[in-house]
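The values are calculated or read from the model by the stated rules, or taken from the named source; none is laboratory data. Remember, it's a predicted structure, so these values are computed and weren't measured experimentally. Neighbour counts are summed over all protein chains in view; Cβ atoms, including those assigned to glycine, are modelled from backbone coordinates with ideal geometry.
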Amino acid sequence: MLAAAPFALQGQNRIDRKAVVSRHNVVLTAVDPTCPLTVGNGEFAFNADVTGLQTLAAHYEAKGVPLCTQSQWGWHAFPNTTGKTAADFQFSEFEVEGRKVPYASSNKGQEPLYNYLRDNPHRLHLGRVALVRKNGKAIEPADLSAIRQELELWTGTLHSRFVLDRFEVQVETVAQPALDGFAWRVTTKGPFTVEITFPYGSPGMSAADWSKPEKHSSTLEGTIIRRQLDQDVYFVAGSFQQTGPHRFSLPLEGSLTFAKVPKRGLVPAIAFTTAKEHWENFWSTGAAVGMPEHPELERRTVLSQYLTAIQCAGSLPPQETGLTCNSWNGKFHLEMHWWHAAHFALWNRPTLLERSMAWYQSILPSAIAKAKSQGYQGARWPKMTATDGFDSPSPIGPFLIWQQPHVLHFAEMLYQLDPAALSKYSGLVFATADFMASYAVKHGDEYWLGPPVIPAQENHPPKETWNPTYELEYWHEGLRIASLWRTRLKQPVPQKWSAVQQGLAALPVKDGVYLAHANCPQTYTERNRDHPSMLLALSMTPGTKVDKETMRRTLALVRKSWKWDQTWGWDFGATAMTAVRLGDSRAAFEILMMDTPKNKWIANGHTPQRANLPCYLPSNGALLAAVAMMANASYVSSEGMKQLL
């Protein structure tokens, strides 16, 4: 398998890292509102048009992607005018083992509260920074000529050059590595300046509402602007001159630092120097893969490393659109966290995965309370949530369970690279395993998962679904990891953990292939869309319960019959991982490069899925996980990591 993989490994000293990275610098020569470029640091991102700033924001939002400035801590909530709180939400009840289990799945008779809980809190656009004419005339796309913009990946610098009103303009933009902000340099002889304007918050795609200036305040206090939106406050440090209620003039060379508490800004020159050092260090460490014979796959791999480092490596799990713009009410989906972040460990950048582990610890009490409210032990992790860990109501989300073992997988990956993880995360591991064992239902000599449950392939009704293939395998793997952690700590393994792990139902098979779940009425006829989740049983997990010949037939049928235009971007990387585990590197390569709308990779490395999902970071993370397996990137770690792979 590995001999057939068309890759070279850094450990074999075959890779000129700078050459590999630099040959995939993004170059744009025209205004493209679907293809903004981004600078960031994992906690903060600034999305720019071809001017290197957000000069053409209205055009980009109308025709493509909103140009947002977002951070991990930047959230906003509307005042609650429903007269009710989350405690008043009416749950639907489902029978499990003769008792009623509540799920927040229906909006019937409580639409205002249901919508409020889904919309709040939401990520916030922190401020639009644009080049402007001193005479106040708006700059339109047609006003620009001789455009050339290049994202220099090795240094994390965005270089933009264009002609405006017969004046040549050059702009350089970088993100501050250690602070949430960015710096710019505008070089021109033209009558232009830079300004920042501030919006009200919104759960919509643009994360901004520009029509309500009276609902927020922007107060200049020396070199710091105090922003207040309802009960939410943040601060912006820089060099300002106020020109309107929410509008401030900035110098042609400057920097901005955004924070929840007042902080001093950074000198622009220092920002450029530290950004260069940061990115040179990023590319010079961790695993590296060179694929000169497959330049397009190499391009996707390099850009995915950059994009996930700036969008997915923060202190919170990211939105599926990262820090580019809002998706799904400005919240993040925890079942996607594996695809966003697991690859960091596989590429020997574990600190980028570990940044978000503290968040799981912070919401552990609410996860325990959620499990208890449903009559379970341990901690049940939410699905669609924000900083508080509150699980947003939904007809689908509350029934998903495949996010539960993620934290176990993360913890084990981190342990394999640093045994100190054992003491840090054992509490998370054991609470998660307690829930997983408690959730399983005894049926005769077997333990079942569901009903109610909705599998990773979400087009199955919860009351009619049980024993989903992937979730059975992931439950088995998660309890294996948790039991191993008990043994390492010289603690007894709870009898219930062992009983459930050993007694889980067999993976459901029909017509010689794996089904999505045991009660699936057809093989792949009516429901051959969305995620082919049965493949995940031998993809992100090693497939202890899987019969490989059955999975080989399953993969062949999925490749032949699945509606690939109705899938999601991460399905291609996940399916390729199944092919790798079956020893078919050629099939994995073909799957990764499949020509279909959901697997279209545009110039900036993003994979647009639909109009309101103009980027989709799980695609990038899944590709990196697949390439890690194909290139055997586990050479950087231990035998334990190889077992996970």
When region 138-171 is checked residue by residue, the ones that are farther than 22 Å from Asn604 by Cβ, out of contact with any Ser or Thr (no Cβ under 7 Å at 6 or more places or on another chain) and of a type in the set (A, V, I, L, M, F, W, C) are Ala138, Ala142, Leu164
Checklist entry - Based on what the data block shows, is Asp119 under 33 Å from the mean Cα position of the chain (by Cα), farther than 30 Å from Leu303 by Cβ and of a type in the set (Asp, Glu)? => result yes
Here the residues within region 78-102 that are under 29 Å from Pro451 (Cα atoms), of a type outside the set (Val, Ile, Thr) and touching a residue at least 12 places away in the same chain (Cβ under 8 Å) are Ala86, Asp88, Phe89, Gln90, Phe91, Ser92, Phe94, Glu97, Arg99, Pro102
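Please find, within region 146-157, the residue that is surrounded by the fewest Cβ atoms within 10 Å (Cβ to Cβ) out of those that are of a type in the set (A, V, I, L, M) and over 26 Å from the mean Cα position of the chain (by Cα).
Once the filter is applied, the top-ranked residue is Ala146.
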Scanning region 517-546 for residues that are surrounded by fewer than 16 Cβ atoms within 10 Å (Cβ to Cβ) and of a type in the set (D, E, K, R) gives Glu526, Arg529
>> Taking the criterion of being surrounded by 21 or more Cβ atoms within 10 Å (Cβ to Cβ) and modelled with pLDDT under 95, would at least one residue in region 291-302 satisfy it?
In response: yes
request  = Considering every residue within region 335-347, establish whether at least one is in contact (Cβ under 8 Å) with a residue 60 or more places away in the chain and farther than 23 Å from Ala482 by Cβ.
outcome  = yes
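For (1) under 28 Å from Arg23 (Cα atoms); (2) crowded, with 21+ Cβ neighbours inside 10 Å; (3) touching a residue at least 60 places away in the same chain (Cβ under 8 Å); (4) not hydrophobic (A, V, I, L, M, F, W, C), each residue gets a yes or a no:
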| site | (1), (2), (3), (4) |
| --- | --- |
| Arg552 | no, no, no, yes |
| Leu557 | no, no, no, no |
| Trp570 | yes, yes, yes, no |
| Pro618 | yes, yes, yes, yes |
| Ala626 | yes, yes, no, no |
Check your understanding: Any residue in region 492-515 that is outside any loop (DSSP other than H, G, I, E, B) and modelled with pLDDT under 95?
Key -> yes
Okay, helices (runs of 4 or more DSSP H) sitting entirely in region 555-640 with 2 or more residues that are closer than 25 Å to Glu412 by Cβ and of a type in the set (Ser, Thr, Tyr), I get 570-581
Yes or no: region 439-446 includes at least one residue that is assigned by TED's automatic domain parsing to the domain that holds Ala345, in contact with a helix residue (DSSP H, G or I) (Cβ under 7 Å, 6 or more places away or on another chain), of a type in the set (Asp, Glu) and crowded, with 19+ Cβ neighbours inside 10 Å.
no
Among strands (runs of 3 or more DSSP E) entirely within region 229-305, at least 3 residues that are of a type in the set (A, V, I, L, M, F, W, C), in contact with a strand residue (DSSP E or B) (Cβ under 9 Å, 6 or more places away or on another chain) and touching a residue at least 12 places away in the same chain (Cβ under 8 Å) occur in 232-237, 253-259
Residues in region 221-274 that are polar (S, T, N, Q), in the same structural domain as Ala175 (by TED's automatic domain parsing) and within 17 Å of Arg185 (Cβ to Cβ) total 4
Per the filter on region 72-122, residues part of a strand (DSSP E or B) and farther than 30 Å from Thr465 by Cα are Trp75, His76, His122
Residue set Tyr200, Tyr234; condition in contact with a helix residue (DSSP H, G or I) (Cβ under 9 Å, 6 or more places away or on another chain), more than 24 Å from Lys137 (Cβ to Cβ) and either modelled with pLDDT under 95 or of a type outside the set (Gly, Ala, Ser) (or both); output residue Tyr200
Residue set Trp279, Trp283; condition touching a Ser or Thr at 6+ places or on another chain (Cβ under 9 Å) and not assigned by TED's automatic domain parsing to the domain that holds Leu623; output residue Trp279
Among Asp209, Asp165, Asp180, Asp143, the single one that is buried (at least 18 other Cβ atoms within 10 Å of the Cβ) and without any contact (Cβ under 8 Å) to a residue 40 or more places away in the chain is Asp209
Here the residues within region 20-45 that are acidic (Asp, Glu) and farther than 15 Å from Lys63 by Cβ are Glu43
When restricted to Leu449, Leu422, the only residue of a type in the set (A, V, I, L, M, F, W, C) and surrounded by fewer than 24 Cβ atoms within 10 Å (Cβ to Cβ) is Leu422
Of the candidates Ala87, Ala104, Ala130, the one satisfying the condition of being among the hydrophobic types (A, V, I, L, M, F, W, C) and either touching a His at 6+ places or on another chain (Cβ under 9 Å) or surrounded by fewer than 16 Cβ atoms within 10 Å (Cβ to Cβ) (or both) is Ala87
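Every residue, every condition in (1) assigned to a helix (DSSP H, G or I); (2) touching a Gly at 6+ places or on another chain (Cβ under 9 Å); (3) closer than 28 Å to Glu95 by Cα; (4) among the polar types (S, T, N, Q), yes or no:
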{"residue": "Tyr415", "(1), (2), (3), (4)": "yes, yes, no, no"}
{"residue": "Pro419", "(1), (2), (3), (4)": "no, no, no, no"}
{"residue": "Gly427", "(1), (2), (3), (4)": "yes, no, no, no"}
{"residue": "Asp434", "(1), (2), (3), (4)": "yes, yes, yes, no"}
{"residue": "Lys442", "(1), (2), (3), (4)": "no, yes, yes, no"}
